[in-house]
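A short worksheet on the structure shown next.
The values are calculated or read from the model by the stated rules, or taken from the named source; none is laboratory data. This one's a predicted model, so the numbers in the text were calculated from it and none came from an experiment. Backbone-built Cβ (ideal geometry, glycine too); neighbour counts: all protein chains shown. The area values use the complete protein model at the heavy-atom level, side chains included, leaving out ligands, DNA and RNA. Shrake-Rupley method; radii C 1.70, N 1.55, O 1.52, S 1.80 Å.
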Amino acid sequence: MQFGLFSVGDVTMDPTTGRTPSEGERIHAMTQIALKAEEVGLDVFATGEHHNPPFVPSAPTTHLAYIAAKTEHLKLSTATTLITTTDPVRIAEDYAFLQHLSGGRVDLMMGRGNTGPVYPWFGKDIRQGIPLAIENYHLLRRLWREQNVTWKGQFRTPLQGFTATPAPLDGVAPFVWHGSIRSTEIAEQAAFYGDGFFHNNIFWNIEHTAQMVGLYRQRFERYGHGDASQAIVGLGGQAFMADSEAEAKRIFRPYFDNAPVYGHGPSLEDFTRQTPLTVGTPEMVIERTLSFADHVGDYQRQLFLMDHAGLPLEMALEQVEILGREVVPVLRREFEARRPEGVPSEPPTHASLAAEGPDSPHRKVVTSPVAIAEQEAAAQREEVATR
């Protein structure tokens, strides 16, 4: 199972000192946290994509390329890549380039984002969010899998014999997750292509998360990719740890109360009851995280948000240290001990996808055996009708 961190890159005042870091300091802090993740044995670092204050990660591939140059094993991902407002040609070329730079240590999460104004900033209509996500992603799959793409759609200018450069490393497109917290259409999209589904459940109760993951698993099986239990699932989480629950709450409470993400809303106690946020001891984080699989089934990736709400860099690095040294080793052991035979331990990697060879379903635009059979049957009916 993969464990790691995701960062939303917020620039937030430290409520205990009144000091707000500069944008440059925040970017540096995110980089140091990624390097610490590799140092303590975590698997993944994922950056968000935002184009509005108070967030800084507007150029994920630039940042991930820099981190790739300073690491050897860390997998680089996003949380999320804005498939609705970023042109698919740009995504295809940027992330293939990053694949080559990093030696294949790249996957990415597609999402619509949660900031409405971003749509007109990039010339798009938020009312078309779902259709944009569907059309743009299908085009992206073609750009990564076909040498010459001729295409016409609703939301961008047509392409005529276009070749994206560079091609994906070894001819293998990056593995894709689809991130959504409430859109069933996105869970359906992930299932249709046999991609991963990431439910960043940091604002949601586990019952809602279980419903979304359950839908994705059912549709994954319906499209012929395997048993529902074999679907590739990732979850978000949040934690703040200290030697005792009381001490953790004492330290973290001012940051929680003033956070732009959830401050001035539910109390810390209410939020920890209603969402995955765990503020307490490492043992409490272990117990809470293990319980997620009781609701969503055995899954493959767990990412934690630990550098938000104005926490100073030193404190965030200490939290990553505790996570990597005390929490994750236990979680690895316990999650694998309960994992049924036949359920993947990890999501696909570049190495595993390359090993499948040129006939791998991953190298096809449409991977669903059910969808392919339905398309072939429809084509045959059309041929008969035109005779």
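Looking at the stretch 318-387, what helices (runs of 4 or more DSSP H) fall wholly within it and have at least 3 residues that are among the charged types (D, E, K, R)?
Details: elements: 328-338, 350-355, 369-385.
It comes to 328-338, 369-385.
Does the stretch 61-80 contain any residue that is of a type outside the set (Asp, Glu), in contact (Cβ under 8 Å) with a residue 24 or more places away in the chain, touching a helix residue (DSSP H, G or I) at 6+ places or on another chain (Cβ under 7 Å) and under 22 Å from residue 263 (Cα atoms)?
For the stretch 61-80, residues of a type outside the set (Asp, Glu), in contact (Cβ under 8 Å) with a residue 24 or more places away in the chain, touching a helix residue (DSSP H, G or I) at 6+ places or on another chain (Cβ under 7 Å) and under 22 Å from residue 263 (Cα atoms): absent.
Give the residue that is nearest to residue 9 (Cα to Cα), with candidates limited to residues of the stretch 246-263 that are of a type in the set (Lys, Arg) and open to solvent by 70 Å² or more (accessible area, probe 1.4 Å).
Going residue by residue through the stretch 246-263, those that are of a type in the set (Lys, Arg) are 249-250, 253.
Filter once more, so that each one left must be open to solvent by 70 Å² or more (accessible area, probe 1.4 Å): 250, 253.
Details: 250: 24, 253: 20 Å.
Step by step, filter the stretch 246-263, then rank; the result is 253.
Does residue 95 count as surrounded by 17 or more Cβ atoms within 10 Å (Cβ to Cβ), among the aromatic types (Phe, Trp, Tyr) and either within 20 Å of the chain's Cα centre (by Cα) or part of a strand (DSSP E or B) (or both)?
Working: surrounded by 17 or more Cβ atoms within 10 Å (Cβ to Cβ): yes; among the aromatic types (Phe, Trp, Tyr): yes; either within 20 Å of the chain's Cα centre (by Cα) or part of a strand (DSSP E or B) (or both): yes.
Yes: the conditions hold for residue 95.
Which pairs turn up if I take residues in the stretch 310-325 that are at positive phi and look for partners that are open to solvent by less than 40 Å² (accessible area, probe 1.4 Å) and in a helix (DSSP H, G or I) with beta carbon separation below 7 Å, at least 6 apart in sequence or on another chain?
Matching pairs, first to second residue: 310/255.
Here is a yes/no grid of residues against (1) open to solvent by 60 Å² or more (accessible area, probe 1.4 Å); (2) among the charged types (D, E, K, R); (3) farther than 30 Å from residue 372 by Cα:
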{"site": "203", "(1), (2), (3)": "yes, no, yes"}
{"site": "210", "(1), (2), (3)": "no, no, no"}
{"site": "238", "(1), (2), (3)": "no, no, yes"}
{"site": "244", "(1), (2), (3)": "no, no, yes"}
{"site": "280", "(1), (2), (3)": "no, no, yes"}
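Is it the case that the stretch 26-43 has a residue that's part of a strand (DSSP E or B), open to solvent by less than 30 Å² (accessible area, probe 1.4 Å) and either under 19 Å from residue 94 (Cα atoms) or not aromatic (Phe, Trp, Tyr) (or both)?
Restricting attention to the stretch 26-43, the residues satisfying the condition of being part of a strand (DSSP E or B) are none.
Scanning the stretch 26-43 turns up no residue that is part of a strand (DSSP E or B), open to solvent by less than 30 Å² (accessible area, probe 1.4 Å) and either under 19 Å from residue 94 (Cα atoms) or not aromatic (Phe, Trp, Tyr) (or both).
From the list 156, 141, which one is at pLDDT below 95 and charged (D, E, K, R)? Steps first, please.
On the way: 141 fails: at pLDDT below 95.
Checking each option against the conditions leaves just 156.
Quick check on the stretch 65-80. Is at least one of its residues modelled with pLDDT under 95, open to solvent by less than 50 Å² (accessible area, probe 1.4 Å) and within 17 Å of residue 195 (Cα to Cα)? Spell out the reasoning first.
Keep residues of the stretch 65-80 that are modelled with pLDDT under 95, which gives 79-80.
Restricting the remaining residues to those that are open to solvent by less than 50 Å² (accessible area, probe 1.4 Å) gives 79-80.
Now restrict to residues that are within 17 Å of residue 195 (Cα to Cα): 79-80.
Yes, the stretch 65-80 contains at least one residue that is modelled with pLDDT under 95, open to solvent by less than 50 Å² (accessible area, probe 1.4 Å) and within 17 Å of residue 195 (Cα to Cα).
Within the stretch 131-181, restricting attention to residues that are surrounded by fewer than 17 Cβ atoms within 10 Å (Cβ to Cβ) and among the hydroxyl-bearing types (Ser, Thr, Tyr), which residue is nearest to residue 119 (Cα to Cα)?
157
Between residues in the stretch 278-299 that are over 13 Å from residue 239 (Cβ atoms) and residues that are basic (Lys, Arg), which pairs lie under 8 Å by C-beta distance while being six or more apart or on different chains?
Sorted first by the residue in the stretch 278-299, then by its partner, the pairs are 293/338; 297/217; 298/338; 298/339.
Where in the stretch 193-304 are there strands (runs of 3 or more DSSP E), lying wholly inside it, with at least 3 residues that are in contact with a helix residue (DSSP H, G or I) (Cβ under 6 Å, 6 or more places away or on another chain) and more than 30 Å from residue 137 (Cα to Cα)? Step through it out loud before you land on a result.
Numbers: elements: 196-199, 233-241, 278-280.
Qualifying strands (runs of 3 or more DSSP E): 233-241, 278-280.
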